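Sharing a structure here in C-alpha coordinates format.
The values are calculated or read from the model by the stated rules, or taken from the named source; none is laboratory data. These numbers were taken from a predicted model, which means no experiment stands behind them. Cβ: placed from backbone, ideal geometry, glycine included. Neighbour counts: every protein chain shown. When the accessible area is computed, the model is the full protein with side chains, heavy atoms only, and any ligands, DNA or RNA have been set aside. Shrake-Rupley method; radii C 1.70, N 1.55, O 1.52, S 1.80 Å.
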Amino acid sequence: MFIGEKEKQLIEKFLRRVPLFSSFSDKHLKNIIDDFKIISVKKGDDVVFQSDEGTDLFIVLKGKVKASLLGPDGEEFILTTFNEGDFFGEMSLIDGKSRSANIMAEVATSFAVLKRDRFLGTMRQDPSIAINLLSILVARLRKSDEVIESLVFLDVSERLMRFLMHNAIKEGERDKNGVYKIKKYTHKELASSIGASREAVSKALKVLSTKGTVTEKDGHLLIHPDS
(Lines give C-alpha, C1' and ligand atoms only; values in the text may rest on other atoms or scores of the structure.)
Protein backbone atom coordinates (compact mmCIF):
# COMPACT_ATOMS: atom_id res chain seq x y z
CA MET A 1 0.00 0.00 0.00
CA PHE A 2 1.07 3.60 -0.52
CA ILE A 3 1.68 5.68 2.58
CA GLY A 4 -0.35 8.53 4.04
CA GLU A 5 0.88 11.46 6.09
CA LYS A 6 1.12 9.49 9.34
CA GLU A 7 3.08 6.71 7.62
CA LYS A 8 5.32 9.30 5.93
CA GLN A 9 6.31 10.72 9.30
CA LEU A 10 7.12 7.26 10.60
CA ILE A 11 9.13 6.38 7.47
CA GLU A 12 11.08 9.65 7.68
CA LYS A 13 11.95 9.05 11.33
CA PHE A 14 12.99 5.50 10.52
CA LEU A 15 15.10 6.40 7.47
CA ARG A 16 17.15 8.87 9.44
CA ARG A 17 18.47 5.88 11.40
CA VAL A 18 19.28 3.81 8.28
CA PRO A 19 22.96 4.19 7.25
CA LEU A 20 22.14 4.26 3.54
CA PHE A 21 20.06 7.41 3.95
CA SER A 22 22.16 9.17 6.60
CA SER A 23 23.66 11.59 4.06
CA PHE A 24 20.31 12.61 2.54
CA SER A 25 19.44 16.28 2.93
CA ASP A 26 16.07 17.10 4.49
CA LYS A 27 14.83 18.15 1.05
CA HIS A 28 15.86 14.92 -0.68
CA LEU A 29 14.60 12.76 2.15
CA LYS A 30 11.17 14.37 2.18
CA ASN A 31 10.91 14.14 -1.61
CA ILE A 32 11.85 10.48 -1.79
CA ILE A 33 9.48 9.42 1.01
CA ASP A 34 6.53 10.11 -1.28
CA ASP A 35 7.69 7.28 -3.54
CA PHE A 36 7.86 4.57 -0.89
CA LYS A 37 5.19 1.94 -0.47
CA ILE A 38 4.76 -0.50 2.40
CA ILE A 39 4.61 -4.27 1.94
CA SER A 40 3.88 -6.82 4.67
CA VAL A 41 4.44 -10.58 4.49
CA LYS A 42 3.81 -13.52 6.79
CA LYS A 43 6.37 -15.88 8.30
CA GLY A 44 7.62 -18.28 5.64
CA ASP A 45 6.56 -16.10 2.71
CA ASP A 46 9.00 -15.64 -0.16
CA VAL A 47 9.82 -11.98 -0.79
CA VAL A 48 11.97 -12.36 -3.90
CA PHE A 49 13.41 -15.33 -5.80
CA GLN A 50 16.91 -15.72 -7.20
CA SER A 51 16.95 -14.72 -10.91
CA ASP A 52 13.61 -12.88 -10.58
CA GLU A 53 13.26 -9.65 -12.50
CA GLY A 54 12.91 -6.70 -10.15
CA THR A 55 14.99 -3.72 -9.13
CA ASP A 56 13.20 -2.35 -6.05
CA LEU A 57 15.09 -1.54 -2.86
CA PHE A 58 13.65 -3.14 0.31
CA ILE A 59 14.16 -1.70 3.80
CA VAL A 60 13.14 -3.88 6.73
CA LEU A 61 10.83 -1.84 8.96
CA LYS A 62 9.98 -4.69 11.29
CA GLY A 63 10.81 -8.39 11.35
CA LYS A 64 13.57 -10.55 9.92
CA VAL A 65 14.35 -12.20 6.58
CA LYS A 66 17.06 -14.53 5.35
CA ALA A 67 18.97 -14.41 2.07
CA SER A 68 19.96 -17.77 0.62
CA LEU A 69 21.01 -19.66 -2.48
CA LEU A 70 19.31 -22.87 -3.59
CA GLY A 71 21.18 -25.67 -5.35
CA PRO A 72 19.76 -27.81 -8.18
CA ASP A 73 18.77 -30.54 -5.71
CA GLY A 74 17.06 -28.13 -3.31
CA GLU A 75 19.95 -27.76 -0.89
CA GLU A 76 20.12 -24.33 0.74
CA PHE A 77 23.06 -22.11 1.67
CA ILE A 78 22.14 -19.18 3.90
CA LEU A 79 24.11 -16.07 2.99
CA THR A 80 22.93 -13.71 5.72
CA THR A 81 19.92 -12.38 7.60
CA PHE A 82 18.42 -8.89 7.50
CA ASN A 83 16.81 -7.34 10.57
CA GLU A 84 15.07 -4.07 11.33
CA GLY A 85 16.93 -1.19 9.68
CA ASP A 86 18.76 -3.40 7.17
CA PHE A 87 18.13 -3.20 3.45
CA PHE A 88 18.55 -5.48 0.44
CA GLY A 89 18.12 -5.35 -3.32
CA GLU A 90 20.95 -2.89 -3.81
CA MET A 91 22.73 -4.98 -6.47
CA SER A 92 19.70 -5.06 -8.75
CA LEU A 93 19.05 -1.45 -7.83
CA ILE A 94 22.45 -0.49 -9.24
CA ASP A 95 22.81 -2.68 -12.34
CA GLY A 96 19.16 -3.31 -13.18
CA LYS A 97 19.73 -7.06 -13.46
CA SER A 98 17.85 -9.96 -11.87
CA ARG A 99 17.97 -10.87 -8.20
CA SER A 100 21.10 -12.62 -6.93
CA ALA A 101 19.53 -14.50 -3.99
CA ASN A 102 16.28 -15.76 -2.50
CA ILE A 103 14.74 -13.76 0.33
CA MET A 104 12.31 -15.40 2.76
CA ALA A 105 10.60 -13.99 5.86
CA GLU A 106 11.65 -15.77 9.06
CA VAL A 107 8.92 -13.93 10.98
CA ALA A 108 6.06 -11.61 9.98
CA THR A 109 7.88 -8.72 8.32
CA SER A 110 7.12 -5.26 6.93
CA PHE A 111 9.15 -3.39 4.32
CA ALA A 112 9.42 0.07 2.86
CA VAL A 113 9.95 -0.40 -0.88
CA LEU A 114 11.48 2.11 -3.30
CA LYS A 115 11.63 1.99 -7.08
CA ARG A 116 15.05 2.01 -8.77
CA ASP A 117 14.52 5.05 -10.99
CA ARG A 118 13.49 7.23 -8.05
CA PHE A 119 16.53 6.30 -5.97
CA LEU A 120 18.95 6.78 -8.87
CA GLY A 121 17.41 10.15 -9.65
CA THR A 122 18.01 11.32 -6.09
CA MET A 123 21.55 9.92 -6.14
CA ARG A 124 22.36 11.96 -9.26
CA GLN A 125 21.27 15.10 -7.42
CA ASP A 126 23.39 14.27 -4.39
CA PRO A 127 26.55 12.21 -5.22
CA SER A 128 27.34 11.75 -1.52
CA ILE A 129 24.57 9.14 -1.49
CA ALA A 130 26.62 7.05 -3.93
CA ILE A 131 29.65 7.21 -1.63
CA ASN A 132 27.51 6.04 1.26
CA LEU A 133 26.15 3.17 -0.79
CA LEU A 134 29.64 2.15 -1.94
CA SER A 135 30.85 2.01 1.67
CA ILE A 136 28.00 -0.33 2.59
CA LEU A 137 28.61 -2.51 -0.47
CA VAL A 138 32.32 -2.78 0.36
CA ALA A 139 31.44 -3.89 3.90
CA ARG A 140 29.19 -6.60 2.50
CA LEU A 141 31.87 -7.67 0.04
CA ARG A 142 34.36 -8.04 2.89
CA LYS A 143 31.84 -10.18 4.73
CA SER A 144 31.46 -12.36 1.62
CA ASP A 145 35.25 -12.73 1.49
CA GLU A 146 35.20 -13.98 5.09
CA VAL A 147 32.59 -16.58 4.17
CA ILE A 148 34.66 -17.77 1.21
CA GLU A 149 37.79 -17.90 3.37
CA SER A 150 36.04 -20.03 6.00
CA LEU A 151 34.72 -22.46 3.38
CA VAL A 152 38.19 -22.89 1.93
CA PHE A 153 40.42 -22.94 4.99
CA LEU A 154 38.34 -23.90 8.05
CA ASP A 155 36.97 -27.30 9.00
CA VAL A 156 33.32 -27.78 9.99
CA SER A 157 33.92 -27.31 13.73
CA GLU A 158 35.79 -24.06 13.13
CA ARG A 159 33.14 -22.76 10.71
CA LEU A 160 30.39 -23.70 13.15
CA MET A 161 32.10 -21.95 16.05
CA ARG A 162 32.71 -18.83 13.96
CA PHE A 163 29.02 -18.73 13.00
CA LEU A 164 27.82 -19.22 16.58
CA MET A 165 30.18 -16.59 17.97
CA HIS A 166 29.15 -14.09 15.29
CA ASN A 167 25.49 -14.50 16.23
CA ALA A 168 26.28 -14.54 19.93
CA ILE A 169 28.05 -11.18 19.73
CA LYS A 170 25.40 -9.73 17.43
CA GLU A 171 22.20 -10.97 19.05
CA GLY A 172 23.00 -12.98 22.17
CA GLU A 173 22.96 -12.26 25.90
CA ARG A 174 26.20 -12.43 27.88
CA ASP A 175 26.34 -13.18 31.59
CA LYS A 176 28.90 -12.05 34.16
CA ASN A 177 31.02 -15.13 33.44
CA GLY A 178 31.34 -14.26 29.76
CA VAL A 179 28.98 -17.01 28.58
CA TYR A 180 26.69 -16.14 25.68
CA LYS A 181 23.11 -17.38 25.38
CA ILE A 182 21.57 -17.60 21.91
CA LYS A 183 18.57 -19.31 20.39
CA LYS A 184 18.89 -22.99 19.56
CA TYR A 185 19.32 -23.70 15.85
CA THR A 186 18.28 -26.91 14.15
CA HIS A 187 21.06 -28.96 12.59
CA LYS A 188 19.56 -28.18 9.19
CA GLU A 189 19.74 -24.41 9.86
CA LEU A 190 23.35 -24.69 11.00
CA ALA A 191 24.30 -26.83 8.00
CA SER A 192 22.70 -24.33 5.60
CA SER A 193 24.49 -21.45 7.30
CA ILE A 194 28.03 -22.84 7.16
CA GLY A 195 27.93 -24.90 3.96
CA ALA A 196 28.12 -28.36 5.54
CA SER A 197 26.00 -31.50 5.79
CA ARG A 198 23.71 -32.11 8.77
CA GLU A 199 25.77 -35.18 9.65
CA ALA A 200 28.97 -33.11 9.76
CA VAL A 201 27.26 -30.47 11.90
CA SER A 202 26.01 -33.13 14.34
CA LYS A 203 29.55 -34.49 14.74
CA ALA A 204 30.98 -30.99 15.20
CA LEU A 205 28.41 -30.14 17.87
CA LYS A 206 29.27 -33.33 19.77
CA VAL A 207 32.94 -32.36 19.73
CA LEU A 208 32.19 -28.81 20.92
CA SER A 209 29.84 -30.15 23.59
CA THR A 210 32.48 -32.59 24.85
CA LYS A 211 34.95 -29.71 25.14
CA GLY A 212 32.35 -27.64 26.99
CA THR A 213 32.49 -24.92 24.33
CA VAL A 214 28.83 -25.22 23.32
CA THR A 215 26.17 -26.55 25.67
CA GLU A 216 22.38 -26.64 25.61
CA LYS A 217 20.01 -25.41 28.33
CA ASP A 218 16.28 -24.60 28.37
CA GLY A 219 15.99 -24.53 24.60
CA HIS A 220 19.01 -22.26 24.12
CA LEU A 221 22.65 -22.71 23.21
CA LEU A 222 25.28 -21.51 25.66
CA ILE A 223 28.57 -20.45 24.08
CA HIS A 224 31.65 -20.60 26.32
CA PRO A 225 34.35 -18.70 24.38
CA ASP A 226 37.13 -19.51 26.85
CA SER A 227 36.50 -23.27 26.96
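Can you check what the net charge comes to around T109, using other residues whose Cβ is under 10 Å from the Cβ of T109 (Lys, Arg +1; Asp, Glu -1)?
Here the count lands on +1.
How much accessible area does M161 have with a 1.4 Å probe, in Å² rounded to the nearest 10?
40
If you take every residue apart from S92 with its C-beta less than 12 Å away from the C-beta of S92, what net charge results, scoring Lys and Arg +1 and Asp and Glu -1?
Result for the local shell: -1.
Calculate the tail of P(r) for the chain: the fraction of all Cα-Cα distances greater than 23 Å, expressed in %.
55
Suppose accessible area is computed on protein heavy atoms with a 1.4 Å probe; arrange V41, V152 from highest to lowest.
Result of the area sort, largest leading: V152, V41.
Right, something else. Which distance in nm do the two modelled labels at Q125 and S209 give, with both placed 7 Å along the Cα-to-Cβ direction?
So the two model labels end up 5.8 nm from each other.
Listed here are the pairs K8/K115; K66/K183; K6/K43; K143/K211; K66/K143; which of them are more than 19 Å apart at the Cα?
Pairs exceeding the cut-off: K6/K43; K143/K211.
With an 8 Å Cα cut-off and a minimum separation of 6 or more residues, compute the relative contact order for the chain in percent.
19
How many angstrom lie between the C-alpha centres of the stretch 4-69 and the stretch 97-161?
14
Sticking with this one: Let me have the 222 nm mean residue ellipticity of the chain computed from DSSP H runs of 4+ only, each contributing -39500 (n - 2.57), with the sum over all residues rounded to the nearest 500.
Taken over the chain, the calculation gives -13500 deg cm²/dmol.
What is the Rg over Rh value, at two decimals, for the stretch 125-227, using alpha-carbon atoms and the Kirkwood definition of Rh?
Rg/Rh: 1.09.
Summing +1 for each Lys or Arg and -1 for each Asp or Glu, what net charge is found among the other residues whose Cβ lies under 10 Å from the Cβ of A191?
-2
Not counting ligands, DNA or RNA, and with a 1.4 Å probe, what is R116's accessible surface area in Å² rounded to the nearest 10?
70
What residues qualify as long-range amide H neighbours of E106, i.e. H under 5 Å apart, gap of 5 or more or another chain, H built at 1.01 Å from N?
Distant-sequence amide H within range of E106: G44, K64, V65, K66.
Evaluate the relative contact order of the stretch 1-95 (contact order divided by residue number), counting alpha-carbon pairs under 8 angstrom at least 6 apart; express in whole percent.
So the answer I get is 25 percent.
With an 8 Å cut-off on Cα pairs and a minimum separation of 6 or more residues, tell me the relative contact order of the stretch 72-182 in percent.
This gives 9 percent for the stretch 72-182.
Right, another one. Can you work out the FRET efficiency for the pair D145 and K62, with r the C-beta to C-beta distance and R0 = 25 Å, to the nearest 0.05?
About 0.25, to the nearest 0.05.
Quick one: how many Å² of R140 are accessible to a 1.4 Å probe, rounded to 10?
For R140, the solvent-accessible surface is approximately 60 Å².
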